[in-house]
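Structure first, commentary second.
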Amino acid sequence: MKTMDFDWKPLALVPALALLVFPFIGSGSTWVTLTVAGLAMGMIIFIIASGLTLVFGLMDVLNFGHGVFIALGAFVATSVLGAMGDYTGSESLWINLLAVLPAMVVAMLVAAAVGLAFERFIVKPVYGNHLKQILITMGGMIIGEELIKVIWGPLQIPLPMPMGLGGSFFFGDAAVEKYRLLAVVVGVAVFALLLWTLTRTKIGLLIRAGVQDREMVESLGYRIHVLFVGVFVAGSALAGLGGVMWGLYQQNVVPQMGAQVNVLIFIVLIIGGLGSTTGALIGALLVGLMANYTGFLVPKMALFSNILLMMAVLLWRPQGVYALSK
Amino acid sequence: MLNRLISNDYPRSRVLAVLLVALLMALAFSPFIFPGVKALNVAAKVLIFTVLVASFDLLLGYTGIVSFAHTMFFGIGAYGVAVAFTRLGPDWGALLIGLAGALALSFVLALAIGLFSLRVRAIFFSMITLAFAAAFQTLASQLSEITGGEDGLTFKVPALLAPSTSFADEPFFGVSLDGRLACYYLLFVLTVVLVLALLRIVNSPFGRVLQAIRENEFRAEAIGYRVVVYRTASAILSALFATVAGAMLALWLRYNGPDTSLSFEIMLDVLLIVVIGGMGTLYGAAIGSGLFIVAQSYLQELLRLASEAASGLPWLAALLSPDRWLLWLGLLFVLSVYYFPTGIVGKLRALQPAARPRVAAAKAPAMK
Amino acid sequence: MSNDLLTLEGVHTHIGAYHILHGVDLRVPRGQLTMLLGRNGAGKTTTLRTIMGLWKASRGRITFAGQDITALPTPQIASRGVAYVPENMGIFADLTVRENMLLAARAAKNASQIDEQRLKWIFQLFPAVEKFWNHPAGKLSGGQKQMLAVSRAIVEPRELLIIDEPSKGLAPAIINNMIDAFAQLKASGVTILLVEQNFNFAKRLGDTVAVMDNGQVVHSGSMKALAEDEGLQQSLLGLAL
Amino acid sequence: MLATQDLTIRFGGHVAVNAVTCSFEPGTLTAIVGPNGAGKTTYFNLISGQLKASAGKVTLGGRDLSSLPASERTRAGLGRAFQLTNLFPRLTVLENVRLAVQAAREGAHHRGLNLWSVWSDHKALLERADEILESVALADKEDELVANLPHGDQRKLEVALLMALEPQVFMFDEPTAGMNAAEAPVILDLIRRLKADRSKTILLVEHKMDVVRELADRIIVLHNGALVADGKPAEVIASPIVQEAYLGVSKETA
Amino acid sequence: QAKGDIKIAHVYSRTGPLEAYGKQTQTGLMMGLEYATNGTMAVNGRKLVVIEKDDQGKPDVGKSLLAAAYSDDKADIAVGPSSSGVALALLPVAEEYKKILLVEPAVADSITGDKWNKYIFRTGRNSSQDAISNAVVMDKPGTVVATLAQDYAFGRDGVKAFRDNLKNAKIVHEEYLPQTTTDFTAGIQRIVDKLKDQPGRKAIEVIWAGGTPPFNALAAQNLKQRYGIEVFTGGNILPAMVSFNQFPGMEGASYYYFGFAKNPANLWLVTNHYNRFKSPPDFFTAGGFSAAMALVTALKKTNGDTNTDKLITAMEGMSFDTPKGKMTFRKEDHQAMQSMYHFRVAPGARPGAMADLHLVKEITPEEMNVPIRNKR
Ligand SMILES: Nc1ncnc2c1ncn2[C@@H]1O[C@H](COP(=O)(O)OP(=O)(O)OP(=O)(O)O)[C@@H](O)[C@H]1O
Ligand SMILES: Nc1ncnc2c1ncn2[C@@H]1O[C@H](COP(=O)(O)OP(=O)(O)OP(=O)(O)O)[C@@H](O)[C@H]1O
Ligand SMILES: [Mg+2]
Ligand SMILES: [Mg+2]
């Protein structure tokens, strides 16, 4: 009665890629800058994708509206941080964090609340039907984006980084933006929390079972709907958090930002394989690294690096790096 | 005769039949019933979308493949014609060369897609096509030497179809007989022919196998159908029809650019029309296109009126602002998936008491 | 309180536009094994699903342990002590056998918390469950899936077991085991409602019997009476036997 | 003649079918029995091409089918009904059968590759489909959507599809499971008629021993993937391995 | 035949990606008409009516809307659109209907270049004017420059025009990044690797429109302190220039900034915009305003006659006042010659606050040699 052995190969992809490109880049400091920035970027991508990993991976709901929650989180952050100018303007990192933390919390709460409504009115009737999910969540996405425009206006709004978080740490010639390190910390926390919930509790099992045969799970006495709502809300909240991180990174927000990241997130999930948090993390890290390396070595290909990466992974494992048996 | 023309596939609902005839008549006489440039543009767009959506329905509704790369073929058709006219000048030879080139490219890509669709899970496949469509659009705007990049291509069409050509000095029933009108009727005839051809295909033995594959691919293989072959053929056919629709678009607009024929918004429109009209029924494509395009074209005007009426309530006025027309389109999207899971055609057919005359009608002679 | 653990009174069920059950009356006496027989399409499965709340009764009343459960949602019905094995077995194909069992053992947080005695008992009845413990359940053979489905229903003590055709696809040896299992369960006070096509199986186990046709119960009585009464069997032959 | 030679499949470490060599003559009905999980369905899957063998060969009339996909094997004459019902749920009963007839028969419909005729013009197919539905007593339900059929009728339709394929070799996987005693005879009659034809090869997986006793000319026994017994029904049933491992006369089961 | 209303169709992005730009233009246009007609909204007794058309940023939509405006709505003259792509598609429509299209604010050179026809006028600046003024700002001997631009026609044309107009400084590297780039690490790294060991003054010229501009990423790298690399760029709309404040002292050349020009029109615009919207006018507000002033000036010259040929004659070579001072439609290609502004980001600028620019010098039209690219 043992669980299966852990599959290390995909995990090794990340260092393998980094080492593989080293000779092409030549300069050590450039390599360090690119690699560290790429990994940290991967972490940010992981954060924005993590909510969808939950919802798509566990509940098999392909939520095209996920991007809206990202945008929502970012817009809420502009309001919260805007109201806390004293804190963001301070040079002290700790006081800055005092502003960023509430922004994150509020963004997550708002996204969660909207997620609740989204689940009830949009997703609930279409569980188990991918096509309808795609259609209806796209409708939801359009509505959400327009509502953001109604509330915050259609314009790009600046979301300035708090003073203390700007700038970089320098190690010789290599530069690492401070903000990216914060992203790594947040990303690792999200990852650990997700992993714990999914592997140490029955929740993950129940949801996977519920997706395959909802009636049977109910017949066993579980209120699957409550669970589904919970997961969806959690996924939305994570998207909200991702929105804050993404918005702060770009330092400006536009209502379309959600739609802009959707494809990226999907690619990460495909690479990672359905339902695997670890897979999503690896997918995100690979995407982050790959973007920087191709951007440096063959900038013309940078636009297509994600797709090439995805194709390569799918040729190796058609179900993504960590596929559940299907 | 009619029977053969529509491949024995009757609307199976009196209301639907009336709607279809009304739509056909409206499109046939549109220039005379609804004068004005805008109305003619709307009518032409209905024609083009009817072909595009019907071709997509072959893939989605009949074969059960969810692909987001359909606009890619639409774009290839449009670019084929646009590039040919730009390079070779506005004559019919250019049109043929452009269309042939586009069809060839679509064929190859669709073949690849069809084969690929078998390798990965369906849901993966649709996400991958999404990424591909996005990449293709980027590619089109990157190759500005050929495609005109973001700015697209503006070009001239053969004299017969150009707006400046006039066939009669006097207007006919208030409509000037110019190249624009000729172009409209070219599109009209093409649309009728293409839709009837598609109708024949979905009602052929081949079309029936596609439905079986949609329902249960595994079993279709087990009773002796090579799923790869049928799926790929369906993907290719659907792509070729979409390519022609794209060529029609370019011919009508005398312009093409990445957003015009490749944008994801068009894909969304197509999806929505398929759903509103009713998946797996080609008539739905026609009815859906008619309704949707007209609604889309006049929604902003409608909202302007509504928002003025609601000016007492600022928040409502903000929601009803014509600038927020997409909001209402999105709502329409959600509601139609909610309340019209089988689309307009499905709803209308369900209203008709004689629910299954198709089999009965087809079988009656066979029983003797 | 009556001796009936479960009663259905004049239950009607519609599925979409179809009217399937036309006033089903059924009593399942406490501590007994009740067989529900009837030809294909008689409405047996529909009756069971209606009891479980998976389809809602459009008219009539269903009570469990004296309380009205007609309008309760499925999870609440299950939580009152009802276990259900559906016709299609309801196996979670992507989960392992262990995970399937763990979900059925609602009190257990992980596999080691499943009642060991009971698990041993199940392993002995259905060896395949132990053998494939860490395998994806979707890969099991047809009969193995059926065993898993029944195992899930009995991994925790329940008051009422509702099972739709447990013997289908099982090898004779396993059918024997299953009969043993039901007998043991019954002895421990569990009430069982079985739909069964296999009359031999039914004969050996049933205390009471109800025969359905056209969405109604057309006969009910004791199994013994039916088994001995050739004439009755004859008249119900087309329906059930 | 259908034959398998050293047919084997492994799933990870588990050998589900282990070097089974056996041949089946036209005109005989061979029953395949064995405990649950013995590998019977998997053996069928290997023959009809749903699974690729790890080793071994499948031949029909001397022709090696091992590398062909399932659809080609069906066309070569192997017909198969499934243990777990596997139909086209949102098509009508008639359409399900018609599709199978279309797949099996040559004709102007080119086995479904004809894009330019109307399906209902191919009347012969419809007639044949009707005939088959009559024979399994489903004719009155031909316009129903399969999804709405009760389980028992779906089992019948499963058999009807097999009939429609008009194969050389008929493989039935528990055709009467979930069918009641009044309905099962329809299917059993069909099998009897096939048997009477004397030119068809029939393979039957069945757990109901009375059915096996009555129909089988020969029984083979699979146990843990291996062929452990082969012979006349009476002998095989009496053999200790069947008595113990299968019928459970002694309590030892695998 | 001076009777009836004068219909002006304004085709712009009320919705779509350029919604923000389009709305500024519309506001500016309306305010400009108001200012130019002294609030009467009429010329020679003929009322000016603006018909708004939403092109959604789509060339095909814009095309059919403009055709409908000329033909169905009988518009006398059209203004717009927001995007260059749409503008290029509109040009033939104006020719087809033989009506004037006053392009504002689309910037592509080809609009008044090889795609031009005689019905096209433009009040907006073109890419060359942008690039030339930016070149003027940084063109000092001994300067080595790397450009950072978006990889599409706008970016490449911009760099080309910029390069053509540098006399003294030397371009050592051109970096093109996808329009949608959000992570600039690799691109900046490539530039830094190229520039850091160069002698002399080192500069990066950023040519970026829309999307996420690279300024934050550049700022985070401390390039000035580490390698002595300076950053230059053109102006932008106010929200986009918030990130400029991370580079106190950064220089560049801009089309408009509300505090720069001191003339009655700008004074009126800034005051009234503040009063009505509680914010200063922006880039495209000034553009719309200029277009309105051009129209009214032309109509006054023809005494309210909207005959296209008369208008063209009136407008060719016509000078008119705008919030940016005097502009003149060059006869050859109908491009409005206008001033640009050499600016410097205020040394004490606070990150996150609204952009705070100081005027270094007005670059007058005479100082810029804007090439004529059309064929007449
Ligand atoms: N989803 C459905 N939609 C419409 N009708 C249905 C549906 N499911 C079942 N039916 C119909 O309800 C009737 C009763 O079906 P039910 O499955 O309850 O029969 P059953 O007695 O369990 O038969 P079996 O022994 O074959 O399992 C049948 O006539 C069937 O056609
Ligand atoms: N795809 C697969 N992956 C892994 N194991 C499999 C797979 N398919 C079948 N098996 C295993 O192979 C064995 C044989 O299964 P099979 O379905 O052939 O049994 P069977 O003899 O038909 O049993 P039953 O009478 O219960 O239908 C089972 O133990 C099953 O778990
Ligand atoms: Mg049943
Ligand atoms: Mg089996």
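Taking the longest Cα principal axis of chain E as reference, the axis of helix E:19-36 is set at about 50 degrees.
Distances between placed amide hydrogens fall under 5 Å for E:A9 paired with E:I51, E:D76, E:I77, E:A78, E:V79, all partners being 5 or more residues away or on another chain.
Between the C-alpha center of region E:201-274 and that of region A:89-162 there is a gap of 30 Å. For the set A:K132/C:K44; A:K9/C:K131; C:K168/D:K156, the pairs lying more than 23 angstrom apart at their alpha carbons are A:K132/C:K44; A:K9/C:K131. The overall shape of region A:206-249, judged from the alpha-carbon gyration tensor, is prolate: a/c is not under 1.5, and a/b is greater than b/c. Count Lys and Arg as plus one, Asp and Glu as minus one, and take only other residues whose Cβ is under 11 Å from that of A:V229; the net charge is then +2. Measuring from centroid to centroid over Cα atoms, what is the spacing of region E:2-42 and region B:76-145 in Å? Centre-to-centre distance over Cα atoms comes out at 40 Å. Placing R0 at 35 angstrom, the Cβ-Cβ distance between C:A227 and D:A234 gives a FRET efficiency of 0.75 after rounding to 0.05.
Listed cross-link partners E:K170/E:K375; C:K145/D:K57; A:K149/E:K58; B:K347/E:K58 are compared with a 27 Å cut-off, the Cα-Cα value being larger for E:K170/E:K375; C:K145/D:K57; B:K347/E:K58.
Here the relative contact order of region C:88-157, from alpha carbon pairs under 8 Å that lie six or more residues apart, stands at 49 percent. Take each residue in E:215-222, count the other chain C-beta atoms within 10 Å of its C-beta, and the mean is 5. Converting phi to 3J(HN,Hα) with the Karplus coefficients 6.51, -1.76 and 1.60 and the offset θ = phi - 60°, region E:75-85 yields 5, 7, 7, 10, 10, x, x, 6, 10, 5, x Hz in sequence order, with x at every glycine or proline. With K and R counted +1 and D and E -1, the other residues having a Cβ less than 12 Å from that of D:Y43 yield a net charge of +1. Between D:A226 and D:N18, the built amide H atoms are under 5 Å apart, and every one of these is 5 or more places off in sequence or on another chain. Whole-Hz Karplus values for region B:7-23 come out as 6, 6, 9, 6, x, 6, 6, 5, 4, 4, 4, 4, 4, 5, 5, 4, 4 Hz, taken residue by residue from phi with 6.51 cos²θ - 1.76 cosθ + 1.60 and θ = phi - 60°; glycine and proline positions read x. Relative to a virtual label point 7 Å from the Cα of E:I51 in the Cα→beta-carbon direction, which members of region E:77-100 show backbone nitrogen distances below 19 Å? Counting backbone N atoms under 19 Å from the label point, the list is E:77-82, E:87, E:90-100.
Averaged over the residues of peptide C:91-103, the number of Cβ atoms from other protein chains lying within 10 Å of each residue's Cβ is 5.
With R₀ fixed at 30 Å, the C-beta to C-beta distance from C:H12 to B:F218 puts the FRET efficiency at about 0.20.
The angle between the Cα long axis of helix E:283-301 and the longest principal axis of the Cα atoms of chain E comes to about 30 degrees, rounded to the nearest 10. Across region D:9-25, coupling constants 3J(HN,Hα) worked out from phi with the 6.51/-1.76/1.60 Karplus curve, θ = phi - 60°, read 9, 10, 10, x, x, 7, 8, 7, 10, 10, 6, 8, 10, 6, 10, 10, 8 Hz, and Gly and Pro carry x. Applying 1/(1 + (r/R0)^6) with r as the Cβ-Cβ distance of D:A137 and D:R192 and R0 = 25 angstrom yields a FRET efficiency of 0.95. Taken as entire DSSP H runs, the helices of chain A that both span 15 Å or more between Cα atoms along their own long axis and average 0.5 or more on the Kyte-Doolittle scale are A:9-25, A:28-52, A:66-83, A:93-118, A:130-152, A:178-200, A:224-250, A:257-272, A:277-297, A:305-316.
The lysines within cross-link reach of C:K224, meaning a Cα-to-Cα straight distance under 16 Å and a gap of 8 or more places when in the same chain, are C:K203. For a paramagnetic label modelled on C:K203 (point 7 Å from Cα along Cα→Cβ), amide N atoms under 16 Å away belong, within region D:172-216, to D:181-182, D:209-211.
When both region B:174-201 and region C:101-160 are represented by their alpha-carbon centers, they are found 65 Å apart. In terms of Cα atoms, the Rg and Dmax of chain D work out to 18.5, 63 Å. Overall form of the protein assembly as shown: prolate. Here a/c, set by the Cα gyration tensor axes a ≥ b ≥ c, is 1.5 or more, and a/b is the larger of a/b and b/c.
Proximity of backbone amide H atoms, modeled 1.01 Å from N, is registered between A:V253 and A:I157, A:L159 at under 5 Å, excluding neighbours fewer than 5 places apart on the same chain. Under 14 Å of direct C-alpha separation, and excluding same-chain neighbours fewer than eight residues apart, E:K99 reaches these aspartates and glutamates: E:D72, E:D73, E:D76, E:D305, E:D309.
Relative to the Cα centre, the charge distribution of the protein assembly as shown, modelled as +1 at Lys and Arg Cβ and -1 at Asp and Glu Cβ, gives a dipole magnitude of about 580 debye. The listed peptides E:46-57, B:52-63, B:11-22, ordered by packing as a protection proxy, come out as B:52-63, E:46-57, B:11-22 (highest mean of other Cβ atoms within 10 Å first).
In the neighborhood of E:T364, defined by Cβ-to-Cβ distances under 13 Å, what is the net charge if each Lys or Arg adds +1 and each Asp or Glu adds -1? That works out to 0.
Against chain D, whose longest principal axis comes from its Cα atoms, helix D:184-197 is set at around 90 degrees. Remark: mean inter-chain Cβ contacts per residue of A:6-13 equal 0, using a 10 Å Cβ-Cβ cutoff to other protein chain atoms. For the Cα trace of chain A, dividing Rg by the Kirkwood Rh returns an Rg/Rh value of 0.97. Shape class of chain B from the alpha-carbon gyration tensor: rounded, with the ratio a/c of largest to smallest axis under 1.5. Taking label positions 7 Å along the Cα-Cβ direction at both B:L96 and A:V298, the computed distance is 4.0 nm, reported to one decimal. Fewest neighbouring Cβ atoms within 10 Å first, the residues E:Y227, B:Y298 line up as B:Y298, E:Y227.
Taken together, the values in this text are just the output of simple stated rules run on the coordinates, not laboratory data. All figures in this text were calculated on a predicted structure; none of them were measured in a lab. Positions of Cβ are generated from backbone atoms using ideal geometry, with glycine treated the same way; all protein chains shown enter the neighbour counts.
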